[in-house]
Amino acid sequence: MNEISAITVEPAGCSDAPVLKERGQREVFCGLTGIVWLHRRIQDAFFLVVGSRTCAHLLQSAAGVMIFAEPRFATAIIDERDLAGLADANDELDRVVTRLVERRPEIKLLFLVGSCPSEVIKLDLSRAALRLGRKFGADLRVLSYSGSGIETTFTEGEDACLASLVPVLPASDAAQLMVVGTVAEIVEDQFRRYFSELGIHDVGFLPPRRAGELPAVGKGTFFLLAQPFLANTALELERRGAERIAAPFPLGVEGTLAWFEAAAQKFGISQARCRAVLDAPAERARQALARCRITLAGRKVFFFPDSQLEIPMARFLARELGMTLSEVGTPFLHREHLAEELALLPRGTFLSEGQDVERQLDRCDEEKPDLVVCGMGLANPLEARGFTTKWSIELVFTPVQGFEQAADLAELFARPLRRRALLKV
Amino acid sequence: MQLSLWTYEGPPHIGAMRVATAMKGVHYVLHAPQGDTYADLLFTMIERRDERPPVTYTTFQARDLGGDTATLFKKAVADAYERFKPQAMLVGASCTAELIQDDPGGLALALDLPIPVVPLELPAYQRKENYGASETFYRLVRACVGPRVERAAGAKPSCNILGPTALGFRHRDDVAEVTRLVEKLGVRVNVVAPLGATPADLARLPDADFNIVLYAETALAAALWLEKTFGQKFVNVAPIGVGATRDFVKTVAELAGIDATDFLRAETSRLVWYSRSIDSTYLTGKTVFVFGDATHAVALARVAAEELGYKVVGLGTYAREFAREVRAAAKGYGIEALICDDYLDVEAAIKAAAPALVLGTQMERHIAKRLGIPCAVISAPVHVQDFPARYSPFMGFEGANVLFDTLTHPLMMGLEEHLLGMFREDFEFSGDAAASHLGHAAAVVLEAEPVTAVWDEAAEKELKKIPFFVRGKARRNTEMFAAEQKIGVISLKTLYDAKAHFAS
Ligand code: SF4
Ligand code: SF4
């Protein structure tokens with residue numbers, strides 16, 4: 001049952017399933033949102049959005065109370081003077097950055113983050129990054145990427161951020177493994193432990209906890225994606241000679257197991273060793289899932305598109321918790337990176353890509369799911385209409401990857417249903 | 001370019017959304033990229049609204065830019081009309097769409113919809129949320145008003161209540177309280193808008209004898225236009241606190257041609273007695289720093305000074321549009337107003353003023369927490385806590401009751417303070433403990449700035465005897481004094497010299 005061949009790309013599951021493509025109104029955050037978790041991950045990085053008051057307001061609304069400390073992100077708000085050409089936008093940016101750097105000398109890595117307005121007025125942030133990088137020299141690395149809503153949805157901002165890091169990773173052709181995608185520190189530590197027990201010792205994480213700990217990359221690098229939304233980062237890594245290890249994502253017991261095993265196979269680790277290292281934690285995690293299974297089995301779940309985590313989540317809920325899948329919506333379907341996931345999805349699952357939110361709400365009404373996974377703008381209105389919801393942003397803020405977190409992940413879905421059952425008002 | 005870590009106000013289209021969402025039968029089509037849909041959560045999460053705001057976003061993408069974003073916009077308007085069948089439609093652009101200049105107004109009008117379509121020009125790179133709300137409400141009123149119907153002979157005088165919006169600070173309860181107040185006085189409320197009104201209700205606005213501007217931030221522009229067009233006078237006194245409520249009642253009575261003498265004799269707030277009760281003596285001269293929108297900042301400063309006997313040591317607003325009013329009020333307290341929308345500067349000003357109480361927004365609450373100063377929230381921008389389940393108006397006589405609690409509870413109750421002082425030497429009592437409502441931060445943050453002078457043993461001991469809630473300030477003041485006087489070692493004498501110095 002744990003044979004790797006069982007889960008690779010035979011046209012099983014939903015590999016060749018049709019997908020409803022929608023191009024109407026999207027109810028999804030833009031890529032700027034990624035800053036909220038990225039700045040917590042890279043602890044000496046600062047994210048400076050070059051944008052409008054809307055961008056600043058989005059960030060503070062998404063970050064919630066985090067904003068009340070002195071956060072490591074901010075917005076350089078473009079004003080009328082910049083637009084009218086009264087002030088040179090580049091000079092203005094330099095001035096803002098210089099002040100910022102004076103105030104926050106502990107910052108080692110500065111991201112200039114593009115937004116819709118900066119893209120539309122064609123403010124060249126990559127050139128600005130070069131210029132500022134020269135100005136501050138070795139003390140501060142300056143990079144740029146776009147988190148704009150005209151180019152990126154929600155989690156794609158992380159993809160753009162990590163892709164901007166790849167060209168500056170140190171080079172090394174030594175055999176090594178890289179785990180790509182933000183994971184919580186506790187998850188990183190667990191992953192490191194299992195890899196080293198398996199016998200893979202040279203493991204880097206992108207993004208790292210600190211700017212000075214960037215992993216090396218080169219011809220000997222194999223990388224595993226920890227998140228399903230990293231299309232451009234993967235391309236950049238491949239450009240530097242690294243090779244992606246195809247695997248499902250480390251969500252749930254099955255996904256985590258297959259993820260580790262895919263790496264083990266690449267590194268020539270024996271089946272026996274895999275069994276010795278992975279079976280016990282997998283079994284423990286399966287047992288931990290049992291409690292949630294009681295709540296979730298047989299219930300129908302509907303996904304609105306949000307984080308691109310929808311398909312792996314749906315796979316986990318269907319296969320390990322016995323849920324029935326109604327529509328599974330995703331903002332963007334990367335067939336290659338999700339090939340292993342699609343193969344595991346129950347045949348006949350209704351997939352949609354993109355969004356036309358009003359029509360999707362109509363479908364949701366018709367489907368009458370027991371649980372709706374959606375963004376925060378939709379959750380309360382759906383609850384008020386009698387649906388039980390799980391807001392998806394929690395799925396990117398909470399440590400959910402790996403064996404030890406499988407039950408926590410299930411719990412995120414089970415709690416709203418349990419709560420609904422408890423309330424007698 | 002302005003560096004912003006946090007903003008008091010959102011962009012102007014958020015103000016427009018606050019008006020659209022407050023009303024019924026209005027739909028807003030906003031030309032905006034997908035990320036701007038975050039605004040929905042302000043209403044569904046913070047205010048816990050059970051419906052999505054009536055807003056359609058075009059969510060154009062980069063690939064649409066070269067092509068035809070204008071067609072996309074037209075289609076969004078047509079679809080929204082078909083689906084929602086509103087009585088009136090607002091159309092406009094967010095910051096990004098403003099740059100691509102598709103002319104949403106012209107495009108929507110070209111569709112020739114059988115309803116009023118109101119184009120909004122809200123300059124996103126100049127103006128902010130409150131301006132957006134004010135301008136939107138004004139435009140909607142202009143577009144929807146009908147002809148004036150004269151009051152029938154013998155009918156009660158009537159008024160409109162203007163200004164309450166979605167996502168407003170206590171607007172829900174203020175409207176209920178003010179409605180109750182004016183009706184009891186004998187005035188009929190013709191229309192409340194925008195909150196709860198339909199475009200058809202706006203058509204009836206001219207029928208009222210006069211208008212009540214509840215929040216100048218959102219309603220003043222509309223009221224001025226109604227006055228110019230229909231000769232409707234308006235009341236522009238926010239009835240926050242006992243004094244302001246009395247002023248409000250008098251002005252309303254005057255416009256309605258009613259004698260309010262008996263009403264004012266009968267109606268009052270518990271604040272009046274509570275503030276006179278001897279337990280409140282300890283409140284005398286407590287220093288307070290007030291910051292918020294102009295309506296609330298000015299009103300709360302008055303309540304603090306005239307109705308609770310506090311000393312206003314700071315007064316400010318983030319709303320530049322109302323700088324003049326706030327400056328004038330500050331002058332009355334002998335201070336310079338702080339007109340500023342950078343919270344770091346507000347923090348610095350609070351730190352410098354070292355007040356005993358901060359009245360502010362959610363941001364000042366966090367600043368005060370960091371500084372270990374008691375605080376109450378009195379103004380937008382709102383937070384989920386500003387929508388309490390219980391009835392909790394700020395306006396009218398009931399509002400004054402709420403204010404008494406809100407403004408005194410964060411300070412320690414008089415008796416508690418007294419007892420703490422009396423027992424501070426008691427072995428069971430730890431003077432280092434902070435008051436229960438200050439959490440853990442207090443004791444730590446009140447620590448003095450880097451010490452220049454050292455304290456001798458006797459002075460240090462004496463300092464310990466000073467109640468902890470003023471100890472931090474005593475230490476700071478003494479050290480400041482020592483620094484000024486170039487005193488290296490602080491003795492008992494320095495301590496008391498400093499005390500005398502700062503008392504005078
Ligand atoms: S969608 Fe564009 S304009 Fe809106 S917040 Fe995101 S980057 Fe800023
Ligand atoms: S110490 Fe307790 S009782 Fe006194 S004001 Fe604070 S919360 Fe209220």
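The values are calculated or read from the model by the stated rules, or taken from the named source; none is laboratory data. Values in this document were obtained by computation on a predicted structure and should not be read as measured data. Please note: Cβ atoms are built from the backbone with ideal geometry, for glycine as well, and neighbour counts cover all protein chains shown. We work out accessible area using only protein heavy atoms, side chains counted, and drop any ligands, DNA or RNA first. Shrake-Rupley method; radii C 1.70, N 1.55, O 1.52, S 1.80 Å.
Computed with the Debye formula from one identical point scatterer per Cα of segment A:128-201, without solvent, the log10 of I(q)/I(0) at q = 0.16, 0.23 Å⁻¹ comes to -0.85, -1.09. Out of every Cα-Cα pair in segment A:59-181, what percent are more than 17 Å apart? Summing the P(r) tail past 17 Å for segment A:59-181 gives 64 percent. Annotation: amide H of A:Ala76 within the under-5 Å range of A:Val49, A:Val50, A:Gly51, B:Ser4, sequence separation 5 or more or interchain, hydrogens built in the peptide plane.
For a label point 7 Å from the Cα of B:Leu344 along Cα→C-beta, name the residues of segment A:99-129 whose backbone N is under 18 Å from it. Within reach of a label on B:Leu344: A:99-113. With the simple spin-label model, which puts each label point 7 Å out from Cα in the Cβ direction, the A:Glu394 to A:Arg23 separation comes to 3.6 nm. Scaling against 2.2 N^0.38 Å puts the C-alpha radius of gyration of segment A:302-386 at 1.05. Of the residues A:Phe267, A:Leu225, A:Leu214, the one whose Cα sits farthest towards the positive end of the charge dipole of segment A:176-271 is A:Leu214 (charges of +1 on Lys and Arg Cβ, -1 on Asp and Glu Cβ, taken about the Cα centre). Taking every DSSP beta bridge that has both ends in the protein assembly as shown, the antiparallel portion is near 5%.
Indicate the gyration tensor shape class of segment A:359-402 (rounded, prolate or oblate), computed on the Cα atoms with a ≥ b ≥ c the square roots of the eigenvalues: a/c under 1.5 is rounded; otherwise a/b larger than b/c is prolate and the rest oblate. It is prolate, given that a/c is not under 1.5 and a/b is the larger ratio. Calculated [222 nm] ellipticity per residue, helices only, for chain A: -13500 deg cm²/dmol; basis is -39500 (n - 2.57) per DSSP H run with n ≥ 4, divided by all residues, nearest 500.
Put a plus charge on the Cβ of each Lys and Arg, a minus charge on the Cβ of each Asp and Glu, and nothing anywhere else: the dipole of segment A:176-271 about its Cα centre is then about 260 debye. Would you mind pulling out the separation of the Cα centroids of segment A:128-175 and segment A:333-378, in Å? Comparing the Cα centres of segment A:128-175 and segment A:333-378, I get a distance of 31 Å. Of the residues B:Glu307, A:Glu185, A:Glu102, the one with the largest accessible area comes first in the ranking A:Glu102, A:Glu185, B:Glu307, computed with a 1.4 Å probe on protein heavy atoms. Shown for chain A: the carbon plus sulfur share of the solvent-accessible area, taken with all protein chains present and a 1.4 angstrom probe, equals 51%.
One quarter of the convex hull surface built on the alpha carbon atoms of segment A:106-167 amounts to 4.5 nm², the projected area averaged over directions.
Of A:Pro250, A:Pro18, A:Pro207, the residue with the greatest mean-square motion in the GNM of chain A, using alpha carbon springs below 10 Å, is A:Pro18.
Sort segment B:294-387 into rounded, prolate or oblate with this rule: let a ≥ b ≥ c be the square roots of the eigenvalues of the Cα gyration tensor; rounded if a/c is under 1.5, and if a/c is not under 1.5, prolate when a/b is larger than b/c, oblate otherwise. Because its axes are fairly even, with a/c under 1.5, segment B:294-387 counts as rounded.
Taken about its Cα centre, the protein assembly as shown carries a charge dipole of roughly 1080 debye when the Cβ of each Lys and Arg holds +1 and the Cβ of each Asp and Glu holds -1.
Largest GNM mean-square fluctuation across A:Val101, A:Val301, A:Val179, computed for chain A with C-alpha springs under 10 Å, falls on A:Val101. Dividing the helix sum by the residues of chain B, where each DSSP H run of 4 or more adds -39500 (n - 2.57), gives a mean residue ellipticity at 222 nm of -13500 deg cm²/dmol. Shown is the FRET efficiency for A:Arg335 and B:Arg142, computed with R0 = 56 Å from the Cβ-Cβ distance and rounded to the nearest 0.05: 0.60. Each of A:Asp88 and A:Asp189 was given a label point 7 Å from its Cα along the Cα-to-Cβ line. The distance between the two points is 5.0 nm. Once the Cα atoms are used to define both axes, helix B:12-22 deviates from the longest principal axis of chain B by about 70 degrees.
Per residue, the Cα convex hull of chain A amounts to 145 Å³. If you wrap the Cα atoms of segment A:176-271 in a convex hull and average its projected area over all directions, you get 5.9 nm². The C-alpha atoms of chain B define a longest principal axis, and helix B:129-144 lies at about 30 degrees to it. Considering only trypsin sites (Lys or Arg not before Pro) in DSSP loops that have at most 11 other Cβ atoms within 10 Å, the longest stretch of chain B without any of them is B:1-389. Diffusion coefficient (Stokes-Einstein, Kirkwood radius over C-alpha pairs, 10 °C, 1.306 mPa s) for the protein assembly as shown: 52 µm²/s, rounded to a whole number.
Calculated FRET efficiency, A:Asp139 to A:Gln265, Cβ-Cβ distance, R0 = 45 Å: about 0.60 to the nearest 0.05.
With the simple spin-label model, which puts each label point 7 Å out from Cα in the Cβ direction, the B:Lys156 to B:His409 separation comes to 3.3 nm. Antiparallel beta bridges, as assigned by DSSP with both residues in chain B, represent about 0 percent of the total such bridges. Against chain B, whose longest principal axis is taken from its Cα atoms, helix B:343-353 shows a tilt of about 30°. Chain A and chain B together bury an accessible surface of about 5100 square angstrom, both sides counted, with a 1.4 Å probe and no ligands or nucleic acids included.
Kirkwood hydrodynamic radius computed over chain B comes to 25.1 Å, based on all pairs of distinct alpha carbons. Under the shape rule built on the C-alpha gyration tensor, where the axes satisfy a ≥ b ≥ c, segment B:91-146 is oblate, since a/c reaches at least 1.5 while a/b does not exceed b/c.
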